[in-house]
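J.: First, the structure itself, so that you have it in front of you.
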Amino acid sequence: MTIAREQYREDNARVTAGLPSLSPEKRREVTERQLTYLYQKACQNEYRRNEEAALAPDGDIADVSDWQQVVGIALEGWKVCARLKKLNHKLWFERSNAAPDQLGVYLLKNDFMGGQHKEFLCGMQAEINPEFSLRVRNEDGSPKGVIPGWRRVLMRLIRKNIITESGAYAMFGPPSRDSESWARFTN
């Protein structure tokens, strides 16, 4: 009777599971190290793609960090909140303690004990909100952050089924300009 031996191969000095002289602990350590390396590479690639996408043109707007090109219809924070509250009376708005110029948008939910708790949905500007999100750049031109526009808030609430797209159009109207991002995320 012949015993079939497990085949193994060496790839670029990596040890495979078929090497009999490798203890299970050492094999686990090598595997975890390789998986950590692959995960870190994937995170780096995703970060690079996100940075490129952050400054990508939107429709006919080439510079998404220029306030004049991006702003569209600017609305004050309380106006956006009032309109959203008409679309869903369970929405709750709260000023951030860490950044007073920001508002948190929450959904009030019953906790089945007679009370309510708040579920965070997204954030928005407390004062002036541009219609479309404005990308902020560092001095070297790299992406620094985003000033979210009120259309972004609408898109997130529509995708979470908190408000309807038809209700958003009735309350806020159609976009003031062509936006690939708005079209892609609402359809």
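The values are calculated or read from the model by the stated rules, or taken from the named source; none is laboratory data. Just so it is clear, the structure is predicted and the values come from calculations on it, not from any experiment. Reconstructed Cβ throughout: ideal geometry from the backbone, glycine too, with neighbour counts over all protein chains shown. Heavy atoms of the whole protein, side chains included, go into the accessibility calculation; ligands, DNA and RNA do not. Shrake-Rupley method; radii C 1.70, N 1.55, O 1.52, S 1.80 Å.
J.: With θ set to phi - 60°, apply the Karplus curve 6.51 cos²θ - 1.76 cosθ + 1.60 along the stretch 103-108 and write out the HN-Hα couplings as whole Hz, x wherever there is a Gly or Pro.
T.: Values, residue by residue: 10, x, 9, 10, 10, 7 Hz.
J.: Apply 1/(1 + (r/R0)^6) to the Cβ-Cβ distance of V136 and D111, taking R0 = 35 Å, and write down the FRET efficiency to the nearest 0.05.
T.: Numbers: r = 38 Å, r/R0 = 1.08.
The value I calculate is 0.40.
J.: While we're here: For V146, enumerate residues with amide H under 5 Å from its amide H, sequence gap 5+ or separate chain, H modeled in the peptide plane.
T.: Excluding prolines and chain starts, which carry no amide H, the hits are V136.
J.: While we're looking at this one, here's another question. Just how much of H89 is accessible, in Å², when a 1.4 Å probe is used and the result is rounded to the nearest 10?
T.: 140
J.: Related question: I'd like the accessible area for L75: 1.4 Å probe, protein heavy atoms, all chains in place, Å² to the nearest 10.
T.: Accessible area of L75: about 20 Å².
J.: Another question, if that's okay. Need the full-extension length gain, K41 to K144, defined as separation in residues times 0.36 nm minus the C-alpha distance. One decimal, nm. Kindly include the intermediate steps, with their values, before the conclusion.
T.: Values: separation 103, 0.36 × 103 = 37.08 nm, distance 2.19 nm.
That pair, K41 and K144, stretches by 34.9 nm at full extension.
J.: Using amide H atoms built 1.01 Å from N in the peptide plane, name the residues 5+ places from Q125, or on other chains, whose amide H lies under 5 Å from its own.
T.: Amide H neighbours of Q125: L103.
J.: Could you size up the charge dipole of the stretch 60-167 around its Cα centre, putting +1 on the beta carbon of Lys and Arg and -1 on that of Asp and Glu, and report it in debye to the nearest 20?
T.: Values: 16 positive and 13 negative charges, 119 e Å.
Charge dipole of the stretch 60-167: 580 debye, to the nearest 20.
J.: How would I128, I162 line up by accessible area, probe 1.4 Å, largest first? Don't skip to the end; give the middle numbers.
T.: Working: I128 85, I162 25 Å².
Greatest to least solvent exposure: I128, I162.
J.: If each residue of separation counts as 0.36 nm, what is the full-extension length gain between A74 and W92 once their alpha-carbon separation is subtracted?
T.: Details: separation 18, 0.36 × 18 = 6.48 nm, distance 2.13 nm.
Contour length minus the Cα-Cα distance gives 4.3 nm.
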